[in-house]
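*Asks:* First the structure, which I've put down as structure tokens, then a few questions once you've had a look.
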Amino acid sequence: MKIPFFDYPRHYLDQKDKILEIVDDVCSRGAFIMQDDLFQFEKDLQTFLNANYCVGVANATDGLEICWQTIGLSDGDEVIVSSHTMLATASAIIMAGGKPVPIDIGDDNLIDASLIEEAINDKTVGIMPTQLNGRTCEMDQILSISEKYDLHLVEDAAQALGSRYQNKCAGTFGVASAFSFFPAKVLGCLGDGGAVVTNDENLFEKIFQMRDHGRDLNGEVKSWGRNSRLDNLNAAILKSNLEIYEKTINRRREVASLYDDMLSGLDELTLPPGPEQNNNNFDVYQNYELKADKRDSLRGYLKENGIGTLIQWGGKGIHQFKNLGFNQKLPKTEEFFERSIMLPMNMFVSNKEIEYICNKIKNFYMT
């Protein structure tokens, strides 16, 4: 079998007729930028999340930058983050004028909430947990700390649309959050795309202005802004796919259950939590990331057998980019990236292909 990690052509081909119908409709109306399709998608997304406000932006990195720019960071302001995240999480803080402070991960491979308080000092102004791989952090403890120390809580929810903790959606715990619609995301468009979500009306107005050259809801320039608009065509595609999003999530959870059932007996692997493992969490499985003994050899063996895998972000936590000024030692994150590997997790992989992948992994460790 040939099983790519993510089959990008199928992201279009599997819904070609629907996409072409949307393209024809949007383009025939000349509705390319800031039109009704975008505004309706924003409304649908805030309804899905049970949030007050949603603003479509060009990508999630812009979204995180806009969150911190509208909150306002001063030189030297520190924001605590997990080192197990994309570099964009930290760069958003830098670009907004602050300083990211990475800390280690816990047993769930997300930010270790028990380490947050010891990282707080008189320069700390915020916390930005990453809701990673479709899983939401233990937000009750993080919320409690942010309230205790009066810190801004912004969520990097790029990989977590629809993920829940104690039945509350990722991206709705803090003052603001950002989501990604990169093609390989659970809800993906045909290129870059993102959204910022907030329940704060004053912050919403600033975010809205920031994404469109400082213009307010009436089109009047009220502040300095930038150009970071989710284009209308992608918004129309996203709106259509959001209508079937529950089906998408259910299939990914089914794939995760199959992996869990077939691989759980291997001592050489540490699997992510299964769909029914913790009642507090509802995971959407943006990725299926696990830890594996002899990871590099396993990856080579799977490649020889036609199976695509990925080591996320080149196998580095953000604190390991020493040329960017980080000097922390975070043992759990470092151990994680020595063993981490991601298996195909998408709507294109079949049950038969999952069985093939799992059998090859078993063969690798049994020979």
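*Asks:* Could you check which residue among Q277, Q209, Q69 shows the biggest mean-square fluctuation in a GNM of the chain with a 10 Å Cα cutoff?
*Replies:* Top of the fluctuation ranking is Q277.
*Asks:* If you don't mind, there's one more thing I want to ask. Give the accessible surface of the stretch 122-277 per residue, rounded to a whole number of Å², with probe radius 1.4 Å and ligands, DNA and RNA excluded. Please report the intermediate quantities before stating the final value.
*Replies:* Details: 6450 Å² over 156 residues.
Per-residue value: 41 Å².
*Asks:* Looking at this model, which pairs from K291/K329; K43/K206; K16/K239; K332/K362; K185/K322; K303/K329 are more than 22 angstrom apart at the alpha-carbon?
*Replies:* K332/K362; K185/K322; K303/K329
*Asks:* Which is farthest toward the positive dipole end of the stretch 142-209 among T198, G162, F208, measuring Cα position about the Cα centre, with Cβ charges +1 (Lys, Arg) and -1 (Asp, Glu)?
*Replies:* Highest projection toward the positive end goes to G162.
*Asks:* Follow-up question, since we're still on this one. State, as an integer percentage, the relative contact order of the stretch 69-160 based on alpha-carbon contacts under 8 Å between residues 6 or more apart.
*Replies:* On the way: 163 pairs, mean separation 25.8, N = 92.
So the answer I get is 28 percent.
*Asks:* A further question follows. For the stretch 66-171, which chymotrypsin sites (Phe, Trp or Tyr not before Pro) are both in a DSSP coil and crowded by at most 14 other Cβ atoms within 10 Å?
*Replies:* The qualifying sites are Y149.
*Asks:* Contact order normalised by length for the chain, with contacts defined as Cα pairs under 8 Å and 6 or more residues apart; what percent is it? Walk me through the numbers on the way to the answer.
*Replies:* On the way: 753 pairs, mean separation 78.0, N = 367.
The normalised contact order for the chain reaches 21 percent.
*Asks:* Now, a different point. Where the accessible area of the stretch 11-112 is counted over protein heavy atoms with a 1.4 Å probe, how much of it, in %, is carbon and sulfur?
*Replies:* On the way: 2060 of 4250 Å².
Its accessible area is 48 percent carbon and sulfur atoms.
*Asks:* Find the centroid of the Cα atoms in the stretch 226-297 and in the stretch 60-100, then give the distance between the two in whole Å.
*Replies:* Here the two parts' Cα centres lie 25 Å apart.
*Asks:* In addition: Running a GNM on the chain with Cα contacts under 10 Å, which residue among I244, I103, I66 ends up with the highest mean-square fluctuation?
*Replies:* Of the options given, I244 has the highest mean-square fluctuation.
*Asks:* Return the Rg/Rh value of the stretch 44-114, two decimal places, where both radii are evaluated on C-alpha atoms and Rh is the Kirkwood radius.
*Replies:* Working: Rg = 13.9 Å, Rh = 13.5 Å.
Radius of gyration over Kirkwood radius for the stretch 44-114 works out to 1.03.
*Asks:* Amide H to amide H under 5 Å from A176: which residues, 5+ apart in sequence or cross-chain, H placed 1.01 Å off N in plane?
*Replies:* Those lying under 5 Å, H to H, from A176 are E155.
*Asks:* Leaving out ligands and nucleic acids, and using a 1.4 Å probe, what accessible area per residue does the stretch 75-115 come to in Å²?
*Replies:* Working: 1310 Å² over 41 residues.
That works out to 32 Å² per residue.
*Asks:* With a 10 Å cut-off between alpha carbons and a GNM built on the chain, which of S264, S177, S82 moves the most?
*Replies:* Comparing S264, S177, S82 in a Gaussian network model of the chain, the most mobile one is S264.
*Asks:* As a test of understanding, state the convex hull volume per residue of the stretch 181-302 from its alpha carbons, in Å³. Kindly include the intermediate steps, with their values, before the conclusion.
*Replies:* Working: hull volume 21.0 nm³, N = 122.
For the stretch 181-302, the hull spanned by Cα atoms encloses 172 Å³ per residue.
*Asks:* What is the percent carbon and sulfur in the accessible area of the stretch 262-367, measuring with a 1.4 Å probe over the protein chains and ignoring ligands? Write out the running numbers ahead of the final one.
*Replies:* Values: 2370 of 5160 Å².
Roughly 46 percent of what the probe reaches on the stretch 262-367 is carbon or sulfur.
*Asks:* Can you give the calculated 222 nm mean residue ellipticity of the chain, where each DSSP H run of n ≥ 4 adds -39,500 (n - 2.57) and the sum is split over every residue, rounded to the nearest 500 deg cm²/dmol?
*Replies:* Details: 13 runs with 144 residues, N = 367.
Per the formula, -12000 deg cm²/dmol.
*Asks:* Hand me the trypsin sites (Lys or Arg not before Pro) from the stretch 279-367 located in a DSSP loop with no more than 12 other Cβ atoms within 10 Å, in residue order please. All intermediate terms of the calculation are to be shown ahead of the outcome.
*Replies:* Working: sites: K291, K294, R295, R299, K303, K316, K322, K329, K332, R339, K352, K360, K362; in loops: K294, K316, K329.
Answer by residue number: K329.
The values are calculated or read from the model by the stated rules, or taken from the named source; none is laboratory data. All values derive from a computational prediction rather than experimental measurement. Please note: Cβ atoms are built from the backbone with ideal geometry, for glycine as well, and neighbour counts cover all protein chains shown. Ligands, DNA and RNA are excluded from the accessible area calculation, which covers all protein heavy atoms including side chains. Shrake-Rupley method; radii C 1.70, N 1.55, O 1.52, S 1.80 Å.
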